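The values are calculated or read from the model by the stated rules, or taken from the named source; none is laboratory data. Since the model is a prediction, treat every value here as computed from it, not as a measurement. Ideal geometry is used to build each Cβ from the backbone, glycine not excepted, and the neighbour counts take in all protein chains shown.
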Amino acid sequence: MRSIRLLLLLTLSVTPAVFAAACAPALLSVYDASGFTCQAGEFTVKDFVYSQITGTVTIPDTAITVTPVFGPDTVGLQFSSSQFTVSGTDSAKYLLAYTWDPGDIRGFTDFLDTDPPVFPGLAQITTDLCLDAAWVGASCSTTTATVTVSDDGVTQIHTANVLFSPTIGTLGVRNTIELDGNGASAEFTSFTNQLTTPEPSTIGFGLMALVFWGLKRLRSLAVAAR
């Protein structure tokens, strides 16, 4: 029985991602609640901050939906809302910040999905990244990088990315969401922050295989102990 207990402890200790609460589609008001964390693949996603910087239009966190998105070697969060829209002289500028930690991060990509603004209206997401550390307010203790996606009805930059060499383990994200009517109109439906990871599926399958092996071994030892 002592061997069974030790094996169970070992199995649990090396597979935290399997037993942590998984990130799920929910309002941003859930994600930016104090102390909220969730698991997206191998990563813990945490420390969400959402606040208005300036503007005449209010876009509350209860109007924004957060949806985890996964690919063969990617993981990300999509932020969508029907209220990402302004017109005339209206504007909205918000900060949405959070942290990915820890993992193995090879790159970062922003995607912008717009209903084309009417020029000179502007929809823009500027994402400042803190590499291998979390943001502390607006301060980063390490190296920073920036990617920007935008659409003004004439020039469209809907995808922007940066690669990290060597890979990094922690990524602080600060999205500045900006909508300016500029006498016309601007809107977008969603934007996505996406990480590229080296063969995350291998890590996940390896951990899951270890769990299954551990459970199988526990059953075998339990039978032998009878």
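Quick notes
- Screening the candidates V86, V49 for the property of being of a type outside the set (S, T, N, Q), under 23 Å from D132 (Cβ atoms) and not in a loop (DSSP other than H, G, I, E, B) yields one hit, V49.
- With respect to the stated conditions, T67 is in contact with a strand residue (DSSP E or B) (Cβ under 8 Å, 6 or more places away or on another chain), surrounded by fewer than 17 Cβ atoms within 10 Å (Cβ to Cβ) and in a strand (DSSP E or B).
- Failed item in (1) part of a strand (DSSP E or B); (2) crowded, with 16+ Cβ neighbours inside 10 Å, with D115 passing the rest: (2)
- From the list V18, V45, V30, the lone residue that is at pLDDT below 95 and over 30 Å from G88 (Cβ atoms) is V18.
- Of all residues in segment 167-213, those that are at pLDDT below 50 and surrounded by 19 or more Cβ atoms within 10 Å (Cβ to Cβ) total 1.
- Filter result (touching a residue at least 60 places away in the same chain (Cβ under 8 Å) and farther than 12 Å from T176 by Cα) within segment 111-139: F111, L112, D113, T114, D115, P117, V118, F119, P120, G121, L122, A134
- Residue within segment 26-43 that is more than 29 Å from S139 (Cα to Cα), charged (D, E, K, R), out of contact with any Asp or Glu (no Cβ under 6 Å at 6 or more places or on another chain) and not in a helix (DSSP H, G or I) present: no
- Here the condition is being under 14 Å from the mean Cα position of the chain (by Cα) and without any contact (Cβ under 8 Å) to a residue 40 or more places away in the chain; of F79, F70, it holds for F70 alone.
- Candidate set: segment 89-107, residues that are among the polar types (S, T, N, Q) and assigned to a strand (DSSP E or B); chosen: the one surrounded by the most Cβ atoms within 10 Å (Cβ to Cβ): T99
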